[in-house]
Structures are given as structure tokens and as C-alpha cells.
Amino acid sequence: EECALIDVLTQTVLKGALEQARRWMADDLSLPLAVNISMDNLTRLEFPELVERWVARAGMLPSNLTLELTESRLMKNRLESMDILTRLRLKRFGLSIDDFGTGYSSLVQLRDIPFTELKIDRDFVHGASNDPSARAIFEASLGMAQQLGMKTVAEGVEDLDDWKFLRASGVDIAQGWFIAKPMPAADLPDWIAAWELR
């Protein structure tokens, strides 16, 4: 973002992820995909059409791709960004507000932007079972997302206590090193098989 290279980086990451998803589908492994994008990507009016073309080339449905919005910067042009986000949703792409509770996220964004998913930041997940303040923020975020009809993702699941806490909470998806550390794409099918056995 600081070097004005975020568009090139986003295109490279997104195209690479879609190509990997295409290879997984060829091996009968159909998985939803989530890719981080920047607020700076929301300044190009053609962005929704570009993403739509790349997804079609990969043979995926738009509903299987969630774009996670990182908030390291404020929206430069709120109306233009809202237009682009709305067009992405109309094309059936999922939109996730990443690291909710940190950065520039606000309740106004939850009201105004057509998000489909809320990712609760690890600061409010890891250790929440023993931290009343983190647990209160986690539960408030979870309840708000559920009332808004959004899917919920808890980031930062790092130990068994976190896992048990989330299993009892009603969160939709858990993410963190307790489940799996980052791995090469080729290792994922074996990891899934091992996970299902556990």
C-alpha cells in the first residue's frame, strides 16, 4: 500500500489462489476460498468485473469466494468504495470484515456495507475463556454478527481452551494454529484426511 503496489500484489495473490482452487477441484476437492484485499483495491471501478472474470476462468462460482477487507487504511472515497462493494455482493461474492475490533472497523460499516462475514480478531479470541474483558467483546461481536445474519469466524485459536470455548459459543468457523499452521497447498488434502480421522 505504501509503495502503491497493492493492486499488482492483490491480482497476483488472487489469481494464484484461484489457480490453486482450480487444481483442487480437478482432484475432487471443492473448497471455499478467502483472499484478503485492501481498501486501496476499492478505488478501481472495474475491480468487480476483473474478479468476476478471474473466478469464471478458474471454473469457480462467485459464492465460493470471500474477499476479506483489511482495514489498514480508511476508505479514500467512501461513496466509490461502497459502490464497488455493493457490486461485488450483487455478483454473489462474499465480503468479510477482517480483524473486527481493531483498525478502523466501526458499527457504521456493519450497518452500511453489505458484509456477509465477520472475523473476530485474535485479541478477543485467544484466552477469552479466562479473560472477562476479551470474552465480553467476543460475545458482543458474535451476538451482533448473528443478529445481522452474518457468518462468524474466530481468529487466533491457539490451544485446547480456545477450541473448547469456541465450540460452546456458536461461532461458525474457527481459525488458528491449534487447528493448522500455514502449509503448502499440496499438503492440504492429506491434512484434511488426518483432520477428519481426528
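May I ask you to give the solvent-accessible area per residue for the chain, in square angstrom, as obtained with a 1.4 angstrom probe?
55 Å²
How far is it, in nm, from the label point at Leu90 to the one at Trp195 when both lie 7 Å from their Cα along the line to the Cβ?
3.5 nm
Average projected area of the Cα convex hull of the stretch 1-76, in nm²?
Its average projected convex-hull area is 4.9 nm².
What FRET efficiency comes out for the pair Met144/Met25, r = Cβ-Cβ distance, R0 = 41 Å, nearest 0.05?
Working: r = 35 Å, r/R0 = 0.84.
Approximately 0.75, to the nearest 0.05.
Report the relative contact order of the chain, percent, no decimals, based on alpha-carbon pairs under 8 angstrom and at least 6 residues apart.
14 percent
If I compute solvent accessible area with a 1.4 Å probe over the protein chains, what percent of it on the chain is carbon and sulfur?
54 percent
What value, in deg cm²/dmol to 500, does the helix sum -39500 (n - 2.57) over DSSP H runs of n ≥ 4 give at 222 nm once divided by the residues of the chain?
-14000 deg cm²/dmol
Based on alpha-carbon positions alone, could you give the equivalent ellipsoid semi-axes of the stretch 44-156 from the gyration tensor, as √(5λ), descending, whole Å?
28, 16, 12
If the limit is 21 Å between Cα atoms, which of Lys119/Lys164; Lys15/Lys91; Lys15/Lys119; Lys119/Lys181 go over it?
Lys15/Lys119
In whole Hz, what ³J(HN,Hα) sequence does the stretch 172-177 give by Karplus (6.51, -1.76, 1.60; θ = phi - 60°), x for Gly and Pro?
For the stretch 172-177, the Karplus-derived couplings read 7, 9, 10, 9, x, 5 Hz, x marking Gly and Pro.
Highest GNM mean-square fluctuation, the chain, Cα pairs closer than 10 Å: which of Leu29, Leu14, Leu166?
Maximum among the listed residues: Leu29.
Ile179 to Leu61: FRET efficiency via 1/(1 + (r/R0)^6), r the Cβ-Cβ distance, R0 22 Å, to the nearest 0.05?
0.30
Which aspartates and glutamates, if any, have their Cα less than 16 Å from the Cα of Lys151, not counting same-chain residues under 8 positions apart?
Leaving aside aspartates and glutamates fewer than 8 places away in the same chain, those within reach of Lys151 are Glu68, Asp98, Asp99, Glu117, Asp121, Glu139, Asp172.
Please list, ordered by chain and number, the residues whose modelled amide H lies under 5 Å from the amide H of Glu68; skip anything fewer than 5 residues away on the same chain.
Val35, Asn36, Ile37, Ser96
Taking only Cα atoms and a 10 Å spring cutoff, compute GNM fluctuations for the chain and point out the largest among Thr12, Thr116, Thr66.
Looking only at Thr12, Thr116, Thr66, the biggest GNM fluctuation is shown by Thr12.
Could you go through the stretch 118-124 in sequence order and give the Karplus-derived ³J(HN,Hα) for each residue, using 6.51 cos²θ - 1.76 cosθ + 1.60 with θ = phi - 60°, rounded to whole Hz, and x for Gly and Pro?
10, 9, 7, 4, 4, 4, 10
Given the peptides 184-192, 130-138, arrange them by the average over their residues of other C-beta atoms within 10 Å, most packed first.
Ranking the peptides 184-192, 130-138 by packing returns 130-138, 184-192.
So which GluC sites (Glu not before Pro) in the stretch 1-62 pass both tests, a DSSP loop state and at most 12 other Cβ atoms within 10 Å of the Cβ? The partial results should precede the final answer.
Numbers: sites: Glu1, Glu2, Glu19, Glu46, Glu49, Glu52; in loops: Glu1, Glu2, Glu46.
Passing both the DSSP loop test and the Cβ count: Glu2, Glu46.
With the dipole of the chain worked out from charges on the C-beta (+1 for Lys and Arg, -1 for Asp and Glu) around the Cα centre, which of Ser133, Ile6, Gln175 lies farthest toward the positive end?
Selected residue: Ile6.
Which entry in (i) -0.37, -0.46, -1.06, -1.20; (ii) -0.22, -0.28, -1.14, -1.36; (iii) -0.47, -0.55, -1.02, -1.13 is this structure's computed log10 I(q)/I(0) by the Debye sum over Cα atoms at q = 0.07, 0.08, 0.16, 0.18 Å⁻¹?
(ii)
For the stretch 41-47, take each phi angle, set θ = phi - 60°, evaluate the Karplus expression 6.51 cos²θ - 1.76 cosθ + 1.60, and give the result in whole Hz per residue in order, putting x for glycine and proline.
Per-residue couplings from phi come out as 6, 8, 10, 9, 4, 7, 4 Hz.
Assuming 0.36 nm per residue, please report the length gained on full extension of the stretch Glu80 to Val13 beyond their Cα-Cα distance.
21.8 nm
The values are calculated or read from the model by the stated rules, or taken from the named source; none is laboratory data. Because the structure is a prediction, the values reported are computed rather than measured. Methodologically, a virtual Cβ is constructed for each residue, glycine included, from the backbone with ideal geometry; neighbour enumeration extends over all protein chains shown. What goes into the accessible areas is simple: the full protein's heavy atoms, side chains included, and nothing from ligands, DNA or RNA. Shrake-Rupley method; radii C 1.70, N 1.55, O 1.52, S 1.80 Å.
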